[in-house]
């Protein structure tokens, strides 16, 4: 999933990097096909070249050797709101039919069954990044028809399109999962099955999604990760399995 | 530290201990717990372990925040218990009140506070449920274009506590590495406590004025407290104690364990020196490697 996500990044792009798997995918892309990727972290590191896998998005290794370190008011106003971010990369506890993301609460806000960390910078990344990529493991609990709480807006929220809501960025264009890839339909805004991992059927994906999943007429097959990608991930980028092991909530934002 | 907290942090205050992962003043948070402050409104983008500890210690009435997790690890369990309705820690019988934003929203609140404006406009929150959860997020029609913009109210803390690498005795404070929102939080505040790794002569500050983030004129007190940001970090001084951040998952999950932690490492020591004496080997494990900047010519 991390390798598939890394492939979505093009060399030279300016990426706003979220914590967790997005962090790992961006650093994998930089180590392979996109050496000129410009990594911007909400903590203020611009053009970061971390010599170790960053433990958090505020890791001191993001500062050492970076192009610029600025305050967070500058990150959000001069970079993000200014439109300088080409790709926003987000995870989420829940992702719905239109790519709305919930990282706030499971259950009602006033009396939550599970209190998640909240937005962090995710709400504004989803509003402003020129395009957004979502990375999340596929299961029915995580992919309901409607999220319990919209932390970060997708293609359509409360029945209104991004244009109607006045959102500058294109929003979530793809959802990278561990079974296949969904992409936003240009007309309906629905997350639509476009590619499957080898050995996965459309029914396997549908069983883990809480709405009747539309699919492309021709489904692509995702290339498996190369030996080099796997070696980089397991031996160089995340040897302690900080990100690659399955974890509970709390790693999004 | 004892004098600074005693003089400048009062029951019922709105208190900000800022620092985004970097330079979080745990030493001040622990002293606030030791002095038994109550009914505090704590504001911070990322409450982090220090606010989880203050919540567990019963110091907090209300939390204002934008991302309440254990960065890179998981949850803040004292916070979660207080919000999910499992109360009773530290004699805290009331629910924790929360006021929630996104990071941009919190940064904008401090920016408004620092500029002494009543609110700050931002292009944000369309399609999100955040304004429904927090009615203080409102909108305004731009008087020039007619565009609807989101607004957040100014945040003006009673006291802001900032940890930094160095300052002079007058409080002229220099920091480097991740700068977070400390400058805005300090300028927004009525009182400012600066806590530093090193006290330096004014000539050191004057030799590199671009590195000064907080001027002495807004500083109420300067405290010298080496390793005062542990288990967070100070760039160029010591690395983040990630082992402790990972360990906090199990400590904070169990209220009894959390209570024992506070007993041993906060109430059970008189000050930061006592806290450090209980953890020999921190320097060997976490001391920063040298990566010096090249320096610039300020001549004319």
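The values are calculated or read from the model by the stated rules, or taken from the named source; none is laboratory data. This one's a predicted model, so the numbers in the text were calculated from it and none came from an experiment. When we count neighbours, we look across all protein chains shown, and the Cβ atoms used for this are built from the backbone with ideal geometry, even at glycine.
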Within the range A:78-104, of all residues that are farther than 29 Å from residue B:239 by Cα and within 9 Å of another protein chain (Cβ to nearest Cβ), the one farthest from the chain's Cα centre (by Cα) is A:81
Restricting to the range B:206-252, what's the tally of residues that are over 28 Å from residue A:55 (Cα atoms) and assigned to a loop (DSSP other than H, G, I, E, B)?
5
(1) part of a loop (DSSP other than H, G, I, E, B); (2) in contact with a helix residue (DSSP H, G or I) (Cβ under 6 Å, 6 or more places away or on another chain); (3) more than 8 Å from chain B (Cβ to nearest Cβ) all hold for residue A:109 apart from (3)
Pull up the range A:227-246, narrow it to residues that are surrounded by 13 or more Cβ atoms within 10 Å (Cβ to Cβ) and at pLDDT below 80, then point me to the one that is farthest from the other protein chains (Cβ to nearest Cβ).
A:244
Just wondering, is there one or more residues in the range B:211-226 that are buried (at least 23 other Cβ atoms within 10 Å of the Cβ), touching a strand residue (DSSP E or B) at 6+ places or on another chain (Cβ under 8 Å) and within 14 Å of another protein chain (Cβ to nearest Cβ)?
yes
In this structure, does residue B:256 turn out to be assigned by TED's automatic domain parsing to the domain that holds residue B:8, over 25 Å from residue B:20 (Cα atoms) and surrounded by fewer than 12 Cβ atoms within 10 Å (Cβ to Cβ)?
yes
Tell me which residues, restricted to the range B:32-64, are surrounded by 23 or more Cβ atoms within 10 Å (Cβ to Cβ) and within 20 Å of residue B:109 (Cα to Cα).
B:40, B:42, B:43, B:44, B:45, B:46, B:47, B:48, B:51, B:63, B:64
Among the numbered criteria (1) assigned to a loop (DSSP other than H, G, I, E, B); (2) more than 19 Å from residue B:242 (Cβ to Cβ), which single criterion is violated by residue B:5?
(1)
Being in contact with a strand residue (DSSP E or B) (Cβ under 7 Å, 6 or more places away or on another chain) and surrounded by fewer than 24 Cβ atoms within 10 Å (Cβ to Cβ) is the filter here, so list the residues in the range B:102-116 that pass it.
B:112
Filtered residue count, the range A:170-192, keeping only those that are surrounded by fewer than 23 Cβ atoms within 10 Å (Cβ to Cβ) and within 14 Å of another protein chain (Cβ to nearest Cβ):
2
Those residues that are in contact with a helix residue (DSSP H, G or I) (Cβ under 8 Å, 6 or more places away or on another chain) and either without any contact (Cβ under 8 Å) to a residue 24 or more places away in the chain or under 16 Å from residue A:230 (Cα atoms) (or both), I need them from the range A:1-21; list them, please.
A:1, A:2, A:3, A:5, A:6, A:7, A:21
Which condition does residue B:74 not pass, out of (1) in contact with a helix residue (DSSP H, G or I) (Cβ under 7 Å, 6 or more places away or on another chain); (2) surrounded by 24 or more Cβ atoms within 10 Å (Cβ to Cβ); (3) within 8 Å of chain A (Cβ to nearest Cβ), if it passes all the others?
(2)
Filter result (surrounded by fewer than 19 Cβ atoms within 10 Å (Cβ to Cβ) and outside any loop (DSSP other than H, G, I, E, B)) within the range A:78-106
A:78, A:106
What about residue A:163, is it loosely packed, with under 13 Cβ neighbours inside 10 Å and either touching a helix residue (DSSP H, G or I) at 6+ places or on another chain (Cβ under 7 Å) or away from chain B (no Cβ under 14 Å) (or both)?
no
Would you pick out the residues in the range B:116-173 that are more than 24 Å from the chain's Cα centre (by Cα) and away from every other protein chain (no Cβ under 14 Å)?
B:138, B:143, B:144
Number of positions in the range B:118-142 that are buried (at least 19 other Cβ atoms within 10 Å of the Cβ) and either in contact (Cβ under 8 Å) with a residue 40 or more places away in the chain or out of contact with any helix residue (DSSP H, G or I) (no Cβ under 9 Å at 6 or more places or on another chain) (or both):
2
Name the residue that is farthest from the other protein chains (Cβ to nearest Cβ), counting only residues in the range A:13-52 that are surrounded by fewer than 19 Cβ atoms within 10 Å (Cβ to Cβ) and closer than 21 Å to residue B:239 by Cβ.
A:49
Working only within the range B:10-31, note down all residues that are outside any loop (DSSP other than H, G, I, E, B), away from chain A (no Cβ under 14 Å), in contact with a strand residue (DSSP E or B) (Cβ under 8 Å, 6 or more places away or on another chain) and over 17 Å from residue B:109 (Cα atoms).
B:27, B:28, B:29
Picking from B:203, B:145, B:151, which residue would you name as being out of contact with any helix residue (DSSP H, G or I) (no Cβ under 8 Å at 6 or more places or on another chain), assigned to a helix (DSSP H, G or I) and without any contact (Cβ under 8 Å) to a residue 40 or more places away in the chain?
B:203
